[in-house]
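Here's the structure, in structure tokens; my notes come after.
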Amino acid sequence: MKDTLLQIKAEAAESLSDANVDIEAVRIKYLGKKGALTAVLRGMGQISAEERPIIGQLANEIRQYIESAIAEKQEELRYAKLLEKLNKERIDVTVPGAEIPVGRRHPLSIIQRKLEQIFIGMGFEIAEGPEVEYGYYNFEALNIPENHPARDTQDTFYINDKILLRSQTSPVQVRVMEKQRPPIRIISPGRVYRSDAVDATHSPLFHQLEGLVVDKNISFADLKGMLELFAKNMFGGNTKIRFRPHYFPFTEPSAEVDVSCFNCDGKGCRLCKGEGYIEILGAGMVHPNVLRTCNIDPDVYSGFAFGLGIERVVMFKYNIDDMRLLYENDVRFLSQF
Ligand code: PHE
């Protein structure tokens, strides 16, 4: 009897030492109603009266032993499972986070916005016009009749005989003056097109910003004062401007306007190619023919207009020597702004 009990204890211990043991099966096998230990206890009747308490006590001890061994094993398995879970779901909070790439504004947009802010600050409103434009607005209404040599300098892309991609933002002047009566004070930024081959300073698509002011008593002095204020705002308080006589069919008199180089204060350096000044826009007094075309009486009203190349300003401001960089969308370039 005693041997049987000791054997049960040994077997149970052995089963529980297996890492993959089915604990419930072990419990049933040894402690269940039909289990090994229960069978021994049932047979107690056959044992002599002196032996009975000894065997009974031993059987009890062994039952307690198996019960606590089972409990211990259960705890061990629960802990192992928990450890495994913790290991699997481990989060290393010291790992550097995954960087989310953030976009930024294109240098052309940065400068366009800055230009808009400056002119809006001077009371201008923004006007828009179509990029696919009638030849009428791009040329005829701007005092550039067919076969006029000025068309050669602005050769553009034609959709058909009458429709083209605008070669300048000046057609917006006409569109505004057709609809609005003076006082007029607008700027119009946007894309323009010319049939030019791509190189460091040319692109078939580029950007201009047009300006137009029409009212009574507008003079060249107003144009000059306004442009000087603009240049100081854009390029710094020390900036000077310089007018050179020029020809545009839709303004008279006309000028090309340069700003002193902010890098050398007009002394001449690499940025301004030794010139001290950089050309940034064309301007002039609105030609009476253009006013008349738009039903504005040139004897009552006068105005000035200017057109500025946004790329030129960007390249000057950021010291960029090749315009193609602005269109190639290379993030190594774009991320610097
Ligand atoms: N449209 C002219 C150009 O593209 C610039 C300009 C605009 C000149 C307005 C005078 C007045 O060259």
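The values are calculated or read from the model by the stated rules, or taken from the named source; none is laboratory data. Being a predicted model, the structure only gives us computed values, none of them experimental. Here the Cβ is made from the backbone with ideal geometry for all residues, glycine too, and neighbour counts use every protein chain on show. Just the protein is used for accessible areas: all its heavy atoms, side chains included, with ligands, DNA and RNA removed. Shrake-Rupley method; radii C 1.70, N 1.55, O 1.52, S 1.80 Å.
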**Report entry** Sequence-distant aspartates and glutamates (8 or more away, or on other chains) whose Cα lies within less than 18 Å of Lys81
**Finding:** Asp18, Asp22, Glu24, Glu72, Glu89
Requested in this report: State to the nearest 20 debye the size of the charge dipole of segment 2-88 about its Cα centre, where the only charges are +1 on K and R beta carbons and -1 on D and E beta carbons.
Outcome: 340
Report task. Work out, in µm²/s and without decimals, the Stokes-Einstein translational diffusion coefficient of segment 2-88 at 4 °C, 1.567 mPa s, Rh from Kirkwood over C-alpha pairs. Result -> 92
Report summary line: Among segment 297-336, those whose backbone N falls under 14 Å of a label point 7 Å along Cα→Cβ from Met122 are 304-309
**Report entry** Segment Gln180-Met44, length gained on full extension (0.36 nm per residue, minus Cα span)
**Finding:** 37.2 nm
Query raised in the report: Taking the Cα centre of segment 74-218 as the origin, how large is its charge dipole in debye, to the nearest 20, when only Lys and Arg (+1) and Asp and Glu (-1) carry charge on their Cβ atoms?
Result: 480
Query raised in the report: What order, most packed first, do the peptides 304-314, 146-156 have when packing is the mean number of other Cβ atoms within 10 Å of each residue?
Result: 304-314, 146-156
Report task. Pull up the cross-link candidates among the aspartates and glutamates for Lys162, meaning alpha carbon to alpha carbon under 12 Å and not fewer than 8 places away within one chain. Result -> Glu133, Glu140, Glu146
Report summary line: Of 325-335, 134-144, 81-91, ordering from highest average Cβ density within 10 Å down gives 134-144, 325-335, 81-91
Query raised in the report: Of Gly35, Gln46, Ala59, which is farthest on the positive side of the dipole of segment 2-88, counting Cα position, with +1 on Lys and Arg Cβ, -1 on Asp and Glu Cβ, and the Cα centre as origin?
Result: Gly35
Query - Potential extension, Asp297-Lys2 segment - 0.36 nm per residue separation minus Cα distance - result: 93.3 nm
Query raised in the report: Which value, in debye to the nearest 20, gives the size of the charge dipole of the chain about its Cα centre, when Lys and Arg are +1 and Asp and Glu are -1 at the Cβ?
Result: 740
Query - Contact order relative to length of segment 141-192, as percent, for alpha carbon pairs under 8 angstrom and 6 or more apart - result: 33
Query raised in the report: Among all cysteines in the chain, which have no other cysteine Cβ under 4.7 Å from their own Cβ?
Result: Cys294
Query raised in the report: By accessible area of protein heavy atoms, probe 1.4 Å, what ranking do Met234, Met44 get, highest first?
Result: Met44, Met234
Requested in this report: Of the DSSP beta bridges with both residues in the chain, give the percent that are antiparallel, rounding to the nearest 5.
Outcome: 95
Report task. Wrap a convex hull around the Cα atoms of the chain, take a quarter of its surface area, and give that in square nanometres. Result -> 33.4
Query raised in the report: Counting pairs of alpha carbon atoms under 8 Å apart in space and at least six apart in sequence, what relative contact order in percent does segment 222-286 give?
Result: 27
Query - Heavy-atom accessible area ranking, 1.4 Å probe, most first, across Thr293, Thr201 - result: Thr201, Thr293
Query raised in the report: Residues in segment 10-45 near a label at Leu58, defined as backbone nitrogen under 17 Å from the 7 Å Cα→Cβ point?
Result: 10-13, 36-45
Requested in this report: Starting from the Cα of Leu86, step 7 Å along the direction of its Cβ; do the same at Leu229; then give the gap between the two resulting points in nm.
Outcome: 7.2
Report task. Using only Cα atoms, locate the centre of segment 1-58 and the centre of segment 278-295, then give the distance between them in Å, rounded to an integer. Result -> 113
Query raised in the report: How high is the relative contact order of the chain, given as a whole-number percent (alpha carbon pairs under 8 Å, six or more residues apart)?
Result: 14
Query raised in the report: Among Ser195, Phe316, Gln7, whose Cα sits farthest toward the positive end of the charge dipole of the chain (+1 at Cβ of Lys/Arg, -1 at Cβ of Asp/Glu, about the Cα centre)?
Result: Gln7
